[in-house]
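One structure below.
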Amino acid sequence: MSTQTPHISRPSRVPANASPSGDGIVVGAGPVQVDAFIDFLCPFCKQFEGRSGPLLDELVADKAISLVYHPMGFLDALSTTRYSSRASAASGCASDGGHFVEYLYALFANQPPEGGPGLSDDELVELGPAVGLADSSFAACVRQGFYLDWSSYVTATAVQRGVSGTPTVAVQGTPVPASPQTILAAVRAALADAGG
């Protein structure tokens with residue numbers, strides 16, 4: 001039996017602002033990389049974003065970090081319509097439109113309960129205009145499931161990296177507890193190591 005990790009093929013289409021590996025959306029251009037593995041159906045991810053989002057936004061604005069969001073379809077089994085994957089794919093469409101973070105906040109603000117159908121594609125489209133995604137290309141991207149293959153790739157790649165739950169946060173590749181205090185401490189330590 002082979003112990004090699006199976007190769008996950010990169011999808012033919014990845015959203016704008018995708019990481020070099022294609023499995024996340026990069027926000028900011030700071031020297032320290034922070035990875036956030038999230039699922040838009042996950043209540044703990046909503047709490048994480050509520051608590052840590054303002055700090056992460058501030059660190060991005062201060063050019064301290066490059067924040068890489070990995071929107072996973074981890075909890076598809078907890079909705080009747082693969083909501084996690086559809087919301088992840090829609091966030092890729094939002095990245096194409098230049099409003100990924102704003103749309104991420106809108107998805108969490110309108111998070112459906114686990115176990116139900118989740119938001120419909122039309123409802124996912126309706127969240128767009130309030131965050132600057134009013135053009136028809138965003139709506140078409142969501143309705144056509146343009147990035148569903150990408151969502152599967154993000155999820156498979158995260159699982160291969162050892163992510164077993166959401167939210168999972170890593171600073172410079174090292175997992176840290178998903179709280180503002182521990183993230184900030186790890187970022188400061190990484191900046192100090194880099195002489196920044």
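The values are calculated or read from the model by the stated rules, or taken from the named source; none is laboratory data. Given the structure is predicted, the values throughout are model-derived calculations rather than measurements. In this analysis, Cβ positions are derived from the backbone assuming ideal geometry, glycine residues included, and neighbour counts consider all displayed protein chains. Accessible surface is based on the protein model in full, side chains and every heavy atom, while ligands, DNA and RNA are left aside. Shrake-Rupley method; radii C 1.70, N 1.55, O 1.52, S 1.80 Å.
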Legend entry - Helix 100-109 vs. the chain, principal-axis angle (Cα, 0 to 90°, nearest 10): 70 degrees
Legend entry - Using alpha-carbon coordinates, inclination of helix 83-96 to the longest axis of the chain, degrees: 70 degrees
Inset, instruction - Equivalent ellipsoid semi-axes for the chain, as square roots of 5 times the alpha carbon gyration tensor eigenvalues: give them largest first, rounded to whole Å. - result: 26, 20, 16
Inset, instruction - Quick one: among 86, 13, 161, which has the greatest mean-square fluctuation in a GNM of the chain with alpha-carbon springs under 10 angstrom? - result: 161
Inset, instruction - With both partners inside the chain, how many of the DSSP beta bridges are antiparallel, as a percent to the nearest 5? - result: 60 percent
Legend entry - Estimated inter-spin distance, residue 185 and residue 57, nm [label 7 Å along Cα→Cβ]: 2.5 nm
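For 35, 76, 96, 121, give the ranking by accessible area with the largest first, probe 1.4 Å. The partial results should precede the final answer.
On the way: 35 5, 76 30, 96 75, 121 50 Å².
The ranking, largest first, comes out as 96, 121, 76, 35.
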